[in-house]
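Below is one structure, written out as structure tokens, with a few remarks after it.
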Amino acid sequence: MIRFATVLRALAAAALLVALGGCELFKHNEEASVIVTNRVVGKPVGEFFDRYGRATARIEVADNTSIYNWISDVGMTRPGPEGQDERVCRLRLTVDKAGKVSAVEILYDAQGVHSRSRCGELFAGP
């Protein structure tokens, strides 16, 4: 009976650590969202594409705005399955009729090279 109670306590402690780790992950996503928003919103979309790469898709909206889907480049990787790199950042940019980014939404934020947020790493620099 004592062993069973000890195992249950250990499982409860492990579950608590996983839950706290999940909260930490959301905290980093929030931080990444702030970093990306501060870096991108208000800037001309052409400058964004010149610096970070072209969009994968563009949708024209009736009120003369555009929505772009963008995915980061992962750079050179080795051929084969072990070379596949899923550390990408995917964004949806809303661009006003003047050509400036009016909103940005993180669609996917993978584990970064040095942190929990690839988007945060890409947009934190100068």
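The values are calculated or read from the model by the stated rules, or taken from the named source; none is laboratory data. Only a predicted model underlies this, so the values are computations on that prediction, with no experimental measurement involved. Heads up, the Cβs are rebuilt from the backbone with ideal geometry, glycines too, and the neighbour counts pull from every protein chain shown. These area figures cover heavy atoms from the full protein model, side chains too; ligands, DNA and RNA do not enter into them. Shrake-Rupley method; radii C 1.70, N 1.55, O 1.52, S 1.80 Å.
Report the residue count in segment 108-121 for those that are open to solvent by less than 50 Å² (accessible area, probe 1.4 Å) and of a type in the set (A, V, I, L, M, F, W, C). Qualifying residue count, segment 108-121: 2.
Would you confirm whether any residue within segment 43-65 is modelled with pLDDT under 90 and open to solvent by less than 70 Å² (accessible area, probe 1.4 Å)? The answer is no; no qualifying residue exists.
All but one of (1) at positive phi; (2) at pLDDT 90 or above hold for GLY80; state the number of the condition that does not hold. The single condition GLY80 does not satisfy is (2).
Look through segment 84-107, keep the residues that are within 8 Å of the chain's Cα centre (by Cα) and in contact (Cβ under 8 Å) with a residue 24 or more places away in the chain, and return whichever of them is surrounded by the fewest Cβ atoms within 10 Å (Cβ to Cβ). Among them, the one singled out is LEU107.
Mind checking which pairs have a first residue in segment 61-83 that is closer than 28 Å to PRO44 by Cα and a second that is assigned to a loop (DSSP other than H, G, I, E, B) and at pLDDT below 85, Cβ under 6 Å, 6 or more apart or different chains? Partner pairs satisfying both residue conditions: VAL74/ASP85.
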